[in-house]
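Participant: Once you've had a glance at the structure underneath, I'll fire off some questions.
Laboratory data are not the source of any read-out in this text; all were calculated from the coordinates shown. What you see is a predicted model, and the numbers here were worked out from it, not measured in a lab. Cβ atoms come from the backbone with ideal geometry, glycine included; neighbour counts cover every protein chain shown.
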Amino acid sequence: METRGAGLPRETEVKFRVADRDALEQRLRSLTALPGPTALERDLLLDDRNGSLRLRGAAVRIRETAGTAFLTFKGPKEIRRGVRSRVELETKVGDARMLGAFLAELGLQPVFRYEKRRTPWRFGDPARPLVVIDETPIGLFAEIEGSESEIRGLASELGVEESEFLPESYAALYFAARGEDPSLPADMVFP
C-alpha cells in the first residue's frame with residue numbers, strides 16, 4: 001500500500017488566463033476581497049541530470065521574494081475537472097544561494113528560472129480561497145487556491161468557466177510558448 005504523501009499538506013488550485021485585469025479586480029472588490037502588495041517572485045526549478053523529478057511529475061523549487069527565500073517540494077499532480085491538487089512541502093530558508101549550493105552537492109542542478117509579479121487578493125473570511133494575479137513574461141494569469149468546492153464556487157462568482165482552467169505549470173506554459181516562438185529566451189524572466 002502506497003503511503004507516500006498521506007497526511008501531508010496539499011496545494012489545491014486552478015490557474016486561468018486573465019484577459020481583463022481591471023474587470024477581474026473590480027469583481028474581486030465587489031466580493032469584498034482586498035489586494036495585498038505586489039511582489040516580484042524569482043523561482044528556480046532544480047532536478048538531477050536524469051530529470052528524475054520531472055519524469056515522476058514532481059518539482060523542487062527555490063523561491064526568492066521580498067527578501068525571503070523558500071524551498072518547496074511539489075509532488076505529482078492530480079487533476080479533477082480542471083482543479084489541480086498535489087502534495088506541497090514548503091519551508092522558509094535563510095540563504096537561497098547557500099541552499100542552491102547545498103542542493104547541488106546532493107545532485108540537484110538548476111533547470112529553469114521563471115519570474116512573476118504576484119498580487120495576492122484575500123477575503124476577510126479565511127475560509128474563502130486565496131486569489132493571486134500573476135504578471136508574467138508570457139501574459140497575465142490568476143490562480144485560486146483553497147478547497148476544491150470553494151475554488152469552484154469562487155470561479156463561478158468570478159465568471160470563470162471550468163473550460164478556462166489551465167492544468168499546466170508556468171514552466172509547461174512557457175515551454176509551449178517557446179515552441180511557437182523559438183526566439184524567446186531559455187528562461188521565463190523579465191527583460
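Participant: I'd like the distance separating the alpha-carbon centroids of the range 25-96 and the range 112-191, in whole Å.
Facilitator: Centre-to-centre distance over Cα atoms comes out at 11 Å.
Participant: While we're looking at this one, here's another question. Which percent, to the nearest 5, of DSSP beta bridges fully inside the range 10-180 are antiparallel? It would help to have the intermediate numbers written out before the result.
Facilitator: Numbers: 55 of 55 bridges.
Here the share of antiparallel DSSP bridges comes out near 100 percent.
Participant: Nearest 20 debye, what's the magnitude of the dipole of the chain about its Cα centre given +1 on Lys and Arg Cβ and -1 on Asp and Glu Cβ? Can you show the working numbers first?
Facilitator: Numbers: 29 positive and 32 negative charges, 66 e Å.
The calculation lands at about 320 debye.
Participant: At q = 0.15 Å⁻¹, what log₁₀ I(q)/I(0) does a Debye calculation on the Cα points of the chain give, no solvent, two decimals?
Facilitator: -1.01
Participant: Please state the equivalent ellipsoid semi-axes for the range 107-151: what are the square roots of 5 times the Cα gyration tensor eigenvalues, largest first, in whole Å?
Facilitator: After diagonalising the Cα gyration tensor, the semi-axes are 26, 15, 9 Å.
Participant: Expressed as a rounded percentage, what relative contact order does the chain have, with Cα pairs under 8 Å and six or more residues apart?
Facilitator: It comes to 27 percent, rounded to a whole number.
Participant: Follow-up. In deg cm²/dmol and to the nearest 500, what is the mean residue ellipticity at 222 nm of the chain if only DSSP H runs of at least 4 residues count, each as -39500 (n - 2.57), divided by the residue total?
Facilitator: The helix contribution divided over the chain gives -7000 deg cm²/dmol.
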